[in-house]
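For reference, the structure discussed in these notes is given below.
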Amino acid sequence: MADDPGIYLNAASVGPMPEAAVREAARWSAWRARPHAIPFSSLLEAAATARQQFAALVGADHDEIALMPNTTYGLNLAARALPLRPGVVLAFDGEFPSCVYPFQALGSRGVTLELIPRVHGLPDEDALVQAIEQRSDVVAVVVSWVQFASGYVADLARIGRACRARGVFFIVDGIQGCGVRPLDLHAIPVDLFASGAQKWQLGPWGTGFVYVRRELVTALQPHDVGWACMKRSTDYTRLTEYEFDFFDDARRFEVVTLAYHDFAVANAATALLLELGVPAIAAHLETLTGRLTPWAQSRADVRLITPAESARRAGVVSFAPVALAPMAAALTSAQVHFTVREGAIRLSPHVYNTLDEIDRVVAVLDA
């Protein structure tokens, strides 16, 4: 962000839209002022492109992608549409609330949520996998790919294999890793994967998606039903010729009129990430975070929350200083944009940040 004197290290909260996305937003806003001038084909193209690009980010096919307003909506789809028998849904303690509340709401169906306790502040993946393998009451597992507070990266392949072997549904909140860490959902046993574009994907609020494993797409009955998820609704001239027939692909979960304007903007941002290449972005972030984690480990008055092992972190570095308030104040005074989560300072750089900026931040922290 060349015109901003500050250093933005808060992509895990809100990612700044790139210039291409800002230009696209202006173009669509001008169109929106004269809706009669908007080509109808542009609406359909915006949605179709979003499905294709989101699929490319996660190693899926476009017909396995349903457009959603956010991650939470996708997780609610998982909670409501999956045929969960009475039993237990497992999650890590410390999960983002969207991985908790939708599943706590299933009590009337005989489904309860159980949280696996943390070890040294981090998810206990060994205990989770052991519970999946040894217990007969587990019906589903829901975890974040990357934990919002610690940056811990879950081994989705390992957890997914354990779930598939036991016939347990595997649900993933992917928002803190999507766009900055390579992923191939066709190679991992994940049933539903929900994400939003407003963080690491550098898109606007209100844009997200859910991946539904192909074998489940037509096997699931949508919990929410509207006009947009029906095949008949593709003919706008005969909408009252009702026919209760869902789309055969993941569009069956798209209930309402989509935010075409916002998805067009998100497409411009996602196109940039795909052009740069997610592996290259991940390598850049490893360089940046690799400067921050040794610093935290070197300080006797700072406890590193994020795993030091590069394979277990993505773009988030969290650390808890003994004197949090003064250190946070120093960062703020130096125009470093960050946030505090769960008692720790959370820094989340992205592709636009430089090693020089990270060095300047370390200098502020050491002052």
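The values are calculated or read from the model by the stated rules, or taken from the named source; none is laboratory data. From a predicted model like this one, the values you see are computed outputs, not experimental measurements. A quick note on method: Cβ atoms are made from the backbone with ideal geometry, for glycine too, and the neighbour counts reach across all protein chains shown. We work out accessible area using only protein heavy atoms, side chains counted, and drop any ligands, DNA or RNA first. Shrake-Rupley method; radii C 1.70, N 1.55, O 1.52, S 1.80 Å.
Below is a table of values for the structure above.
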{"quantity": "Criterion: open to solvent by less than 20 Å² (accessible area, probe 1.4 Å), more than 30 Å from ALA328 (Cα to Cα), modelled with pLDDT of 95 or more and not acidic (Asp, Glu) - qualifying residue of ALA46, ALA12, ALA26, ALA20", "calculated": "ALA46"}
{"quantity": "Members of segment 260-287 that are touching a residue at least 24 places away in the same chain (Cβ under 8 Å) and more than 19 Å from ALA197 (Cα to Cα)", "calculated": "HIS284, GLU286, THR287"}
{"quantity": "Members of segment 327-345 that are outside any strand (DSSP E or B) and either surrounded by 14 or more Cβ atoms within 10 Å (Cβ to Cβ) or modelled with pLDDT of 95 or more (or both)", "calculated": "MET327, ALA328, ALA329, ALA330, LEU331, THR332, SER333, ALA334, GLN335, PHE338, GLU342"}
{"quantity": "First in segment 59-72 and in contact (Cβ under 8 Å) with a residue 24 or more places away in the chain, second anywhere and part of a loop (DSSP other than H, G, I, E, B), Cβ under 6 Å, 6 or more apart", "calculated": "GLY59/LEU183; GLY59/ASP184; ASP63/ASP249; ALA66/GLU254; LEU67/GLU254; LEU67/LEU258; PRO69/GLY206; THR71/ILE175"}
{"quantity": "Hits in segment 227-259 - residues which are of a type in the set (D, E, K, R) and either free of Cβ contacts under 8 Å to residues at least 12 places away in the same chain or open to solvent by 20 Å² or more (accessible area, probe 1.4 Å) (or both)", "calculated": "LYS231, ARG232, ASP235, ARG238, GLU241, GLU243, ASP245, ASP248, ASP249, ARG251"}
{"quantity": "Subset of segment 190-226 [open to solvent by 10 Å² or more (accessible area, probe 1.4 Å) and farther than 15 Å from ASN76 by Cβ]", "calculated": "GLN198, LYS199, PRO204, TRP205, GLY206, ARG213, ARG214, GLU215, LEU216, THR218, ALA219"}
{"quantity": "In segment 175-187, residue farthest from CYS163 (Cα to Cα) [restricted to those that are open to solvent by less than 30 Å² (accessible area, probe 1.4 Å) and more than 10 Å from the chain's Cα centre (by Cα)]", "calculated": "VAL180"}
{"quantity": "Looking only at segment 337-360, and only at residues there that are in contact (Cβ under 8 Å) with a residue 40 or more places away in the chain and over 24 Å from the mean Cα position of the chain (by Cα), the one that is nearest to SER318 (Cα to Cα)", "calculated": "ILE358"}
{"quantity": "Residue list for segment 58-70, restricted to those being closer than 13 Å to GLY196 by Cα and open to solvent by less than 10 Å² (accessible area, probe 1.4 Å)", "calculated": "VAL58, ILE65, ALA66, LEU67, MET68"}
{"quantity": "Every residue from segment 260-271 that is buried (at least 19 other Cβ atoms within 10 Å of the Cβ) and hydrophobic (A, V, I, L, M, F, W, C)", "calculated": "PHE263, ALA264, VAL265, ALA266, ALA268, ALA269"}
{"quantity": "Extreme residue, nearest to GLY151 (Cα to Cα), among residues of segment 93-115 that are surrounded by 14 or more Cβ atoms within 10 Å (Cβ to Cβ) and polar (S, T, N, Q)", "calculated": "SER98"}
{"quantity": "Answer residue from segment 116-163, given it is within 18 Å of ALA311 (Cα to Cα) and charged (D, E, K, R) and is least open to solvent (accessible area, probe 1.4 Å) among those", "calculated": "GLU125"}
{"quantity": "Count of residues meeting criterion [open to solvent by 50 Å² or more (accessible area, probe 1.4 Å) and either part of a helix (DSSP H, G or I) or small (Gly, Ala, Ser) (or both)] in segment 311-325", "calculated": "4"}
{"quantity": "Tally of residues being more than 22 Å from ALA55 (Cβ to Cβ) and either touching an Asp or Glu at 6+ places or on another chain (Cβ under 8 Å) or part of a loop (DSSP other than H, G, I, E, B) (or both) across segment 242-294", "calculated": "5"}
{"quantity": "Condition met for ALA79 (touching a strand residue (DSSP E or B) at 6+ places or on another chain (Cβ under 7 Å), over 30 Å from PHE338 (Cβ atoms) and open to solvent by less than 10 Å² (accessible area, probe 1.4 Å))", "calculated": "no"}
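Rundown of residues vs (1) without any contact (Cβ under 8 Å) to a residue 60 or more places away in the chain; (2) aliphatic (A, V, I, L, M); (3) part of a strand (DSSP E or B), yes/no style:
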site: GLY160; (1), (2), (3): yes, no, no
site: ILE171; (1), (2), (3): no, yes, yes
site: ILE175; (1), (2), (3): no, yes, no
site: HIS186; (1), (2), (3): no, no, no
site: GLN198; (1), (2), (3): no, no, no
site: PRO204; (1), (2), (3): no, no, no
site: VAL225; (1), (2), (3): yes, yes, no
